[in-house]
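The values are calculated or read from the model by the stated rules, or taken from the named source; none is laboratory data. Everything numeric here is computed off the predicted structure, so don't read it as measured data. Using ideal geometry, Cβ is built from the backbone for each residue, glycine included, and neighbour counts are taken over all protein chains shown. Ligands, DNA and RNA are stripped out before the accessible areas are found, and what is left, the full protein with its side chains, is counted by its heavy atoms. Shrake-Rupley method; radii C 1.70, N 1.55, O 1.52, S 1.80 Å.
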Amino acid sequence: MRLSPIIAAACALLSKHVGADQSEEETVDLTILELAQSDPDNFSILLSLVDEAGLAETLSSEGPFTLFAPTNDAFDEIPDEIISFWREDGDALKNVLMYHVLNGAILSTDLVDGGDYKSLEGSDLHVHDMGGVPEIGNEALDYFVNITEADVTASNGVIHVIEDVLITEDILELLEELSFDDEEGSFDNED
């Protein structure tokens with residue numbers, strides 16, 4: 001079994017910090033932000049946006065938080081116009097990112113099928129359990145994304161890696177304005 005770089009980094013750090021007299025229940029000494037920074041191949045876009053939105057300090061603070069972390073591949077699916085809009089409108093960028101964060105460290109085993117969880121942005125995230133594969137998203141939009149790697153524990157919470165960027169109604173409206181082709185499930189970046 002091949003471990004993702006973020007899990008491998010966490011395991012390596014745990015092995016350095018957990019001695020024979022320490023409990024296996026101790027968490028990694030790295031924050032959510034530091035764990036994401038340890039895997040730039042997957043999270044460089046997320047980290048760049050977090051920095052631009054001024055949220056790096058939040059994800060480094062005591063927390064605890066739960067971060068649903070989209071990978072670079074997930075952000076690559078978002079049209080450049082949307083990313084540019086977010087970067088130009090600091091409030092929009094902050095809201096998008098805060099939609100991916102919950103108060104409290106919530107492990108995947110604690111996510112209740114059919115449960116709603118209030119994001120730091122203020123909107124609810126809804127959970128579906130699809131036969132052991134949890135999905136999180138927006139129930140009103142019937143838009144859900146898979147958690148591809150769950151329960152990456154940090155000193156100030158937990159990361160769940162997700163395959164797509166979570167979408168709110170505001171984001172969907174903007175995507176539709178920029179020619180999102182819902183029939184094909186893809187974006188048309190052509191002018």
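Worth a mention:
- Residue 170 sits with roughly 110 Å² accessible to a 1.4 Å probe, with DNA, RNA and ligands left out of the calculation.
- Evaluated with a Cβ-only charge set (Lys, Arg +1; Asp, Glu -1), the stretch 87-170 carries a dipole of roughly 340 debye about its Cα centre, given to the nearest 20.
- At full extension, residue 77 and residue 57 could sit 4.5 nm farther apart than now, given 0.36 nm per residue minus the alpha carbon distance.
- Extension gain, residue 133 back to residue 150 (0.36 nm per residue minus Cα-Cα distance, nm): 5.1 nm
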